[in-house]
Structures are given as C-alpha cells and as structure tokens.
1. With the requirement that a residue be over 19 Å from A:Gly344 (Cα atoms) and touching a residue at least 40 places away in the same chain (Cβ under 8 Å), what does segment A:102-126 give you?
2. Quick check on segment B:212-229. Is at least one of its residues buried (at least 22 other Cβ atoms within 10 Å of the Cβ), at pLDDT below 95, out of contact with any Pro (no Cβ under 6 Å at 6 or more places or on another chain) and more than 24 Å from B:Arg471 (Cβ to Cβ)?
3. Could you check A:Arg300 against (1) of a type in the set (D, E, K, R); (2) touching a residue at least 40 places away in the same chain (Cβ under 8 Å); (3) within 11 Å of another protein chain (Cβ to nearest Cβ); (4) part of a helix (DSSP H, G or I) and say which number it fails?
4. Restricting the search to segment B:517-534, which residues are farther than 26 Å from A:Ile218 by Cα and more than 7 Å from chain A (Cβ to nearest Cβ)?
5. So, A:Phe273, is that one more than 14 Å from every other protein chain (Cβ to nearest Cβ), in contact with a Ser or Thr (Cβ under 6 Å, 6 or more places away or on another chain), buried (at least 21 other Cβ atoms within 10 Å of the Cβ) and within 17 Å of A:Glu221 (Cβ to Cβ) or not?
6. Being surrounded by fewer than 14 Cβ atoms within 10 Å (Cβ to Cβ) and either modelled with pLDDT under 90 or assigned to a helix (DSSP H, G or I) (or both) is the filter here, so list the residues in segment B:309-320 that pass it.
7. Applying the selection to segment A:413-427, what residues are of a type in the set (D, E, K, R) and on the phi > 0 side of the Ramachandran plot?
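The values are calculated or read from the model by the stated rules, or taken from the named source; none is laboratory data. The shown structure was predicted, so the numbers you read here are calculated from the model rather than taken from an experiment. Cβ placement follows ideal geometry from the backbone for every residue including glycine, while neighbour counts extend to all protein chains displayed.
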Amino acid sequence: MSAKKISRRTFLGKASCAAVGSVSLFTGLLNLKATAMLAANSHRMHLRPHNDYKALVCILLAGGNDSYNMLVPTEAQAYQHYRTTRSNQALEANALLPINPLSGGTFGLHPSMPEVQQLFQQKNLAFVSNVGTLVERVNNRIDYENKVNRLPLGLFSHADQIQQWQTSVPQSRSAVGWGGKLADLLHASNASQDISMNISLSGNNVFQSGNQVVEYAISPEGSTGIYGYGEEDPINQIKTAAINNLLEQQYQDIFKQTYADISIQAQKNHEQFSSAIDTVTVNTIFSPNYISQSLQMIARTIAARNLLGVNRQTFFLTFGGWDHHDELLNTQAGMLSVLSKGLGEFNAAMQELAVDQEVTTFTISDFARTLTSNGNGTDHAWGGNTLVMGGAVNGGDIYGTYPSLELRQNLDVGDGVLIPTTSTDEYFAELALWLGVAPSDLPLILPNIGTFYSPSSTSPPIGFLS
Amino acid sequence: MRPPLFILLLLGLPLALSAQQYTDYLGNGHTQGIAVRSSSTTAAQNAYQTINGFPASEAYLLGDVSRFLSQASFGGDWAEIERVSQIGYEAWIEEQLGMEPTLVGQALAGFKREAEEAFLAQFGDEDEEDDEVEEEEEEEEEEEFEEFFVNFQQFREAWFHTAMMAPDQLRQRVAFALSEMMVISDVPDDLEDSGDGLTNYYDILVRHGLGNYRDLLLEVTLHPSMGYYLSHLNNPRSDTSQNIHPDENYAREVMQLFSIGLYELNQDGSHKLDSLGVPIPTYSNADIKEFAKIFTGLGGATSPEATDDPEDQAFFGLDFYSISHIDPMIMYEDEHEPGPKYLLNGQLVPAGQSGRKDIEDAIDNLYNHPNVGPFMARHLIQRLVTSNPTPDYIQRVASVFANNGRGERGDMGAVVKAVLMDEAARACNDREGNLFRASLREPILRYLHFCRALELSLPEGEVYFRNPMNRLDEATGQAPLSASSVFNFFLPDYQPNGLIADLDLFGPEFQIHNSTTAIQYINEVEFWTTEVSPMEIELEFEDVETEEEEEALYQAALSRIPVLQIDPLMLLASQATDLLDRLNILLVRGQLSAASYQTILDAIQQIDELETRLEMAVFLIMISPDYNILN
C-alpha cells in the first residue's frame, strides 16, 4: 500500500496470534435457495435421476450472423438469385466449399469454413435453415404487411432479438431463458446440486437464467478463487474468517444480499470446480484464440463430469462482433474461420473423450442480415441459418426449408428480410427433448411450442437429432 | 446552505446543530436525550459514531457528504468531504457548473509533449551548431511527433489522469455516465488504434454533458468515431439498380438508445398504453428507413496530418484510418439521399434542402420528442443515484429537462442538479433496505473512488498519471469506452436472478457481476491494498549484479511511482476504532452496518503491525456489501 514496504510477504507472520474468528453462524441464503428449489421440484421428485450424461453447448453469434453468406445455394438459378440480390456482398461461386445435403440440392459453404465442410461430409454436422423468432406462423409478405399475425416485439432490434433467441418467448420481454427453465426441471436429476448445471464461458446471460437456477460463470482458464482464501498463515486466516462473516451475514437490503450471495457462492463453487478440473486432461490441440480456448475449457469440464457429479449440463459461449453493417466480406471471413476451426477442434475433443454422442452443439444469433447491401455491409433482418454439431446429430443435411433468395418473393418483407419458416420453438424443442425433457414438460420451458408442434406427436419437431 | 443534520431529540423535535461548535454530541458523557438516526441498517450502532473526535452529528454529516460525492463525482478525499460539509451541496453543484471543462484531450496533448521532449532530449539537441541542415532535421523530427501514435491505451491513461485530477468532477462524472449511453467502444480494431478518435469523442461528452442536450446529440451524430462505430460514415444514398439501401444502423440506435427508446413514455417514465393495454412503439421499421436516408452522405474531413496536396484531401468513401479523427464528418451532397423524408410524428423534411439541414431537422425532431426527458432522466438517475427510481422522481427530473425554469429545454446541467438534489437522492433516513434507493457500484467507479479517497498522488517531478487500467479491465470487464457493444456493459433493464428479479426490480450493474468477476474484483482489491501502488507498474532491472544494487535501483524506482497517501490513516491506525470510523466515512459513506463494522473490527484488532492492519481494514471494506451497494 505504501512505498515503504517491499512486498506483502514481509508481513506474513507479523499478525498477533489471537484466536481466529470462528466460521460465521449465519447460514446464508444459499441454503434457503436450495430449499426453495427442492420445493419447486418436489412434484417431479418421482423422476429417476439420470445415470447417463448429456450436454448442450450453445454458441451465441452475437450481433446477427449474415448466415446467407455462410450457407449459399449453388444450383444455377438459385445462385443467380443470390448473386443478383446480394450484389456487391455476394461471394463468388467458385470460391464456395461444395456440400451435397442428403435430402438433395447443392450448396456451398463460406470459403473460410473447411472444418465445417468436413464435419458436414462426415455427418457430424447439419444446418437448420431460415429459423427465427415467431409468436405464430406468418405465411407471407401480404399477411405481414396486413398485420394478420402477432409479431415478435422489437423485430430487427438487437436487444430484443438476442433476448428472444434465448427465451423463445418473443411476445414479451423476459430475462428467463429456456436453458434456465430447462435446468429448473433437470437440475434435480444431477447427482450433485452444488454447482449449477448451467455453465457459462461468457458471464451472465439470459439463456441460462431460470426461475431458480442461474449460470455458473467461468473463464477459458477455468474458475477463479479468492487469493489466499483458507490458507494457513495468520493473515489469511483472519482475512478468510472476515470474508466469510461479511458475505454470509444476512442483509436487510436485497441488493447487498444479492452481492454477497454471488460472491460467496462463487468462492464455494470455485473450490469444488477447480479441484475437479485440475485432475483431467484433454489432449486435442485448440487454437490460441478466445473462442477455441473457451471450447477447450468446456471440453475439460465435460471430462470432469463424474467428479462434478453431473448428468445433465448446458454450456454457453458468446462469440461477438457479427454486426456487419460495414466491411462484411472481410470481417465475416475471419470470424467464420475462427468458428469453423473451433467447431472442428471441439468435435475432435468430444471424440477423444468418447462423449461425441452425448454432447450436441448448436448456434443461435440475433437474426440474419438483409440480403441486399447497404454499400459495404448488410443490415438487421429476421430468419437465418444455424449450425448443429455432434455424434447424435443426423448430419450431412439441411433441415427446415432453405428459402428462395429472390427479392420480392413471398417471404421477403423488403430488402431481403425473410420471414422465418421454422420457429425457434421447434429448433429448441428438438434439443430439449434430446437432452431428456419429457414431451409433456415442453410447454414449461417453451410456452409457445403448442403453436408449432404437438408435444404428443410421435415425430420429432424437426428431425436433426436421433 | 448547509446540508441538514439528522439529529433528533427523543421528543421528535428537529434540532439543528452546528457541526463546528460541538455543543452537544454523543460521547464524553453527552448521552442524554439524544437519538441518532442512522442511514445504516440496524439500530444499536450509535456508539462507534461518536469515537474519533467527531460528534455523532458531524460523523453523520460527513458520511452523508461522502455519499453525495460518491454520486456526483469520482469520489472525494477527506479534505473535499470536509469542504463540502462547510459549503453545502447546492453551492458545490453551482461551483461545479461554473467551471471550465477539463478535456481529456489536454492530458493526451501533454503526453505527446512529454514524448516529444524525451525524444528531443535523446536525439534532438546533441549538437548546438547553427547548421541549417541540422535544423531541418530537427523540424522533421518534430513533425514526426505531431503524428505521435496514440491508441486506446493512451486514451485510457489520459482518461484516468483527468478523472483523478480534474476539479470539474461533476462534469467528468456525468461525461462517464453519458459514455454509457451514447456508446462507442475501442473493441473494433480501427477505434482501438485511434486514441485521438476516442479522446475527441469522449470530450464531446465532457463539453456538453452539462450543456444542452441538442448540442450533445448533434455533435455525437457527426463525430467520425461514432460514424465509424455505427457505420453512418461513408453511408451512400440508395441505388435500387444494385439493391443497395441506406445503412440503418445509426438511424435505429440514435432513437432506441440515445434519445427516445422503444416505447412512448409518460413523463414519469412509464409506458403509454393503447386501448388494448399494449405499449405503443415510438417508431416502426418504416421510420428507421426514413431516418436511414437522413444519415447518408457523411464522410470524413481531411486529416490534420495531410499535406495541401490535392491528392491528400479527403473524399467520400475514404476509410476511417485516413480521415480526420477530430473534425466532425462533412456532408458530401452527391452521396446524400435526395427527395423528401418523413420524421417522427408526421414531420416532413422537404426535398431539395442540404444534407446537413436534413440532419439538423432530424436531430430537432428527436430533441423535441416528449420521450427524451423521462428517457434521459432514468438513465442519469440510474447511473448516479439508484437502479430503480420511482415514477415521481423521474417525473420531477423530466420536468426540468422540459424546462429548466428559464424556458430552456434540454439543459443538462439543470437536469443533473435536479437528479442530485431530489429528495429521493438526498433523503438520508430509511435508505437501507429501501428498494428504490440502491444500486451496485460500477467496478471502475470503485477503483476511482479508492484512488481518490486514499489520495493516490504523483511523486515530485511527475506530471501525469499513466494508468491504462488493463488489469481492472481484465478483472471486471470495465474500462472507459470499452463496452462489448453499443448496448453498454449492462442493460438498464437487467434483472439479476433471485431476490431482485422476484420483485421485478432492475439491477443493471449485476449484469457484469458474476462468479468470475465477483472474485476477480476481490483479488483486485487485494492488489490495490497490498502492493506498492494500486497502479499496474512493472519494474525490470537489467544487468544487476548484487542485491544491494537491485535494492538501490528499486528504491530509486519507487520514488517515481504514484502511491497512496496513507499517513493520515496511519496516524489513526493504532486505535482500531478510530481507523474504522474514518474509513467508514471516507469510503462507506457512514453506512457500514453494525455487524460488518464488528467483523472488520474483530479482524483488524488481531493485527498489530499497523500498515497491515490498515491494509486489512481497507480490503475488507472495499469488498463488503455495505461499500459496494450505494444506498
């Protein structure tokens, strides 16, 4: 603290050795929360705990990925429509990486995605086309213009669309996401309740916030603990006792209580999490960028699943910077390359750990972008294309309906803004069912699902997962 | 005017005591017939407020001044707290409103001068001969320094220096609050590389933050950094033959985030509802397309570094890297969308007027929208005072936005004063646990407060703090002009799961307070309190042979490092309660709860070594919920 001292180590051992404060008598809110959670889940305690393991990895491409330059139709007429509509933002046909979906047609991937091309060919990856936020189906432009159907709030606005892609409730603004509600249902089936089943590499997020469960945030380096906490020297003993008292005492003010809860729970989770993570190894080499490093930490967490005592998990990773109003062609190429490499590495790691059948990765994004150009970029649109990857994925195909990219066709509400033909509800229902949500429970996590899919149906919502 | 004291007789009669005369106070036997009403949680904590030589009343007053300065500035040191307790809040605000702006650009210019002098000292004055050739060389060298390369690191250093040193603290605090609304960020490469562009943009917020909102919005709109960030720089008119339409980015965000928001508002900030009870959108996508046309045709001005050569002059389409980062964008009429355009509320911009006039009309259209008052009021209250202002509070501030009392709309100085002087901000009783009077302090404000309250000072002979705050950024995710998107570090409507969301309240700052950042913040406080300086400083000594030599170099280096002025606190440290009482006022605004006070007291009483005791006291205070929640 002052220039007079050289290092704090100098002072270790200088504290008087008076009795160290005992552990706080306050129980803290943690126990209260746990009680509340048990109560909330009591009516489904008949559910047998899962003995197997399954995890969902959600990658949010924040800002609105221009996914019609990620997945491009290459049959002559379709490509011609693409070329004409996209004008100076169109990619050259001969640069695209060819793929041949099982259900027919020919497409090309963005040239910077060779790993994704390979994953697709190996049937470890599929696309779902023209997915978007819908309150109810919108059949065509005329209906849209005449306001026949209820529409999502704040269409084309980042804040709203990014939230709705995480809640799948586009008629209202809510901070509770479908991954959080899913965890509210499934958390009890994990052998250990100590650490949230929802683990975030990108801090607080809507997707993983439930009514009871919130995410546990880690970084690509893992979890973080308080320096010196619990160490045996006198100063750290004093410090640890005081921290416990400050953060475990009850506060009348809910803001103080919230601050204290988050901080002390983070320390407790760290102790458990880090001791589990430190014992595992993943040999697959990951690139040194933030996305790959984050995926590597997800892989290590999955490798530690038995030590952590978990049977169901979700992971969340934000990859930001896709809002390419400007410099679309250059910037998106670099970012798709990072994504493609990261997916390739992560898939290899899952195979190394022999859990590729148990882990499904999927992308979400605010929206696709206008098919037309604003000069050197594209603007906010609506329906877009997503990626799903994993051993359980019926890969090598494009699901949903890839739309015509001709302007002024039925789905184009102007400037190449396309009405989605698959709802986020259908997309997420497929993932939730695979993870183990009972069909009858689907409406609890996706309240609009009945509009698009009958939970009692014997066929899957889309069919990309077995 | 003196801020009110909060001493009550048991009978309930207010008794205005002079803080200076010490005629009646708790302690020294003066315990009869006086009750202290505290701003802290619990009763039965009066005793400690009497220790340390202050009468309880004064301790309380000083705590409240400290709270005021935590709202209105980057935090006060002891002298400032005492001074404001003498002159009162209103006089302080008036004094602040009258001050000349301290621009961040002034510090940046100083850095450049220092670099130039250092360069010339090393290479320039080697030879004093009056040789013409040499002189020319020197001129070339000097020219080089006009182009001294500055990036976001130098902006952050200049920002930190200004936040520490500027006397116009209110203005600086408001500028930072506005930088979290009219967001640009150093995240994109080109802005990361432009220390000048970031600094000059930030200085708009400094210059107009207490001026008129219309000037603010217009300059923000025309700044090349904003033009680059929200892509209305080099935004051409439409070309239907090529399926090219005007860029909609700025059109959307200037409405959604900088001025009116998504829904029609009542003056108390609540949504207006249609006959079905549904909020009414302020604009449609069609409106955005109209505004997008308005913001076409803007390109860069010629860079100050350009020569007079015609080839060096700016033109439409010239990239951000090559244009001026400090002059407003200019209108290239040929690239501006011709024809009439519709603004909000049916206002028509006629065909044929200049592009610049189109923009002025659009800014006026937004400026006069009734939403701006409540929209700005909520933002400023959230940033300065509380996460959940009551409708009444918003309405009172919005009415000042509409009319400052002299018929002027948009007077930000008057608005800020209304925010701070409102009873909701000033009332001192019943704060604890009051849902509408709490907010989590932003990490960067905690850091600034720590550095200012503990008087981080430059050593003799040094002129500038050079602190890029990279550690803080990594640990907490906050640095000036460094949000991950135009939506700032956190959203105004963020609801942390649990107690706060259950009551449908907001806690924006909790969006960046999670299991990673909560712990990393605690570890940063450990660094601030136990290292030589709370600034990140790396010392490397080369070619050192003996330990004595290293020690000498180390001591020499220490004399050039900014350090905290802890002597006044060390004088109190031998009495643990004296120390804690002082820190309670200085840092916790007198709001340390009885239980937390006891916890910290118990801890530091076990430590005999006084500097370690001080470190522990400050550490525990800075991580305590009482400190981090501003009531």
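1. Those that are over 19 Å from A:Gly344 (Cα atoms) and touching a residue at least 40 places away in the same chain (Cβ under 8 Å): A:Leu102, A:Ser103, A:Gly105, A:Phe107.
2. Yes: segment B:212-229 contains one or more residues that are buried (at least 22 other Cβ atoms within 10 Å of the Cβ), at pLDDT below 95, out of contact with any Pro (no Cβ under 6 Å at 6 or more places or on another chain) and more than 24 Å from B:Arg471 (Cβ to Cβ).
3. Tallying (1) of a type in the set (D, E, K, R); (2) touching a residue at least 40 places away in the same chain (Cβ under 8 Å); (3) within 11 Å of another protein chain (Cβ to nearest Cβ); (4) part of a helix (DSSP H, G or I), A:Arg300 fails exactly one: (3).
4. B:Glu531, B:Ser533
5. Here the answer is no, as A:Phe273 does not meet what is asked.
6. B:Pro310, B:Glu311, B:Asp312, listed by residue number.
7. The one that is of a type in the set (D, E, K, R) and on the phi > 0 side of the Ramachandran plot: A:Asp415.
Residues are listed down the side, and each one gets a yes or a no for (1) more than 9 Å from chain A (Cβ to nearest Cβ); (2) within 23 Å of B:Ala79 (Cα to Cα):
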| site | (1), (2) |
| --- | --- |
| B:Leu601 | yes, no |
| B:Asp608 | no, no |
| B:Glu611 | no, yes |
| B:Val618 | no, yes |
| B:Ser624 | no, no |
